[in-house]
1. Using a basic spin-label model with each label point 7 Å from the Cα along Cα→Cβ, how many nm lie between ALA37 and VAL2?
2. Among VAL116, VAL90, which comes first, then next, by fewest other beta-carbon atoms within 10 Å?
3. Grab the Cα-Cα distance for LEU130 and VAL50, subtract it from 0.36 nm times how many residues apart they are, and report the gain in nm with one decimal.
4. Treating cross-link reach as a plain straight distance, find the lysines whose alpha-carbon is under 25 Å from the alpha-carbon of LYS108, omitting any fewer than eight places away in the same chain.
5. Taking neighbour counts of Cβ atoms within 10 Å as a proxy for exposure, in what order, fewest first, do TYR112, TYR54 appear?
6. Using 10 Å bins from zero, what percent of all Cα-Cα pairs in segment 1-98 falls into each bin?
7. Restricting to Cα pairs below 8 Å that are 6+ residues apart, what does the relative contact order work out to for segment 1-98? Please round to a whole percent.
8. What is the extension gain from LEU63 to GLU98, computed as 0.36 nm multiplied by their sequence separation minus the C-alpha to C-alpha distance, in nm to one decimal?
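Read-outs throughout are calculated quantities, based only on the coordinates presented, and are distinct from any laboratory measurement. Not measured: the values here are computed from a predicted model. Using ideal geometry, Cβ is built from the backbone for each residue, glycine included, and neighbour counts are taken over all protein chains shown.
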Amino acid sequence: MVKTIEDVLFPGIDVRLDRLAFTADALEVLAVACGPAPRCPGCRARARRVHSSYERGLAERPLIGRQLKVRLRVRRFFCDRSSCKRKTFVEQVSGLSERCRRFSIGTKQWLYAVAVELGGRAGERLCRQLRLSAGRSKLLGLLEAPAVQERSPRVLGVDEFAFRKVIWSHPDGVFEVVQGVVGQ
């Protein structure tokens, strides 16, 4: 069975390879998301209209001794439900990208394993040898980073005692920290 370069780079992932370029120390890939229309993360309604598209950069695991840089073209969709607060949203390619991440899911798993075993500085040295772009802050941040959730929580609970009081304004995404001891 003959495999294509798409099957080797992105097995079982809904992307189409558009361009492949070799440089002295890197392999650059332009991939286009070609999966079915996604659901809105706010109301779970199936999207029907495309708003626009853009390219995002993803760091991927090295291939044949070269750093692999993926430029992923994704689509932004309209949410047509009037009751939904999200007007537009971006598709996420399952198995490749996550919201608010600059590296692929496979790279995240590698970096997490390096961070667990070696920590910050030693992990950074190993990543340099493996041609993974990760500093010690990124590695240590992966250990503390929460998992990316599909939907954000609707209700936030507050303990009776806290050193700081955080007031959350959901529509704007802005929060305010009030100094002082709360609950005394």
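1. Placing both labels 7 Å beyond Cα along the Cβ direction yields 3.7 nm.
2. Values: VAL116 12, VAL90 18.
Least crowded to most crowded, the residues run VAL116, VAL90.
3. On the way: separation 80, 0.36 × 80 = 28.80 nm, distance 3.84 nm.
Full-extension gain reported as 25.0 nm.
4. LYS69, LYS138
5. Working: TYR112 14, TYR54 10.
With the sparsest Cβ surroundings first, the list reads TYR54, TYR112.
6. Each 10 Å bin holds this share of Cα pairs: 15, 42, 26, 14, 4, 0.
7. Numbers: 179 pairs, mean separation 25.7, N = 98.
The normalised contact order for segment 1-98 reaches 26 percent.
8. Working: separation 35, 0.36 × 35 = 12.60 nm, distance 2.12 nm.
Here the answer is 10.5 nm.
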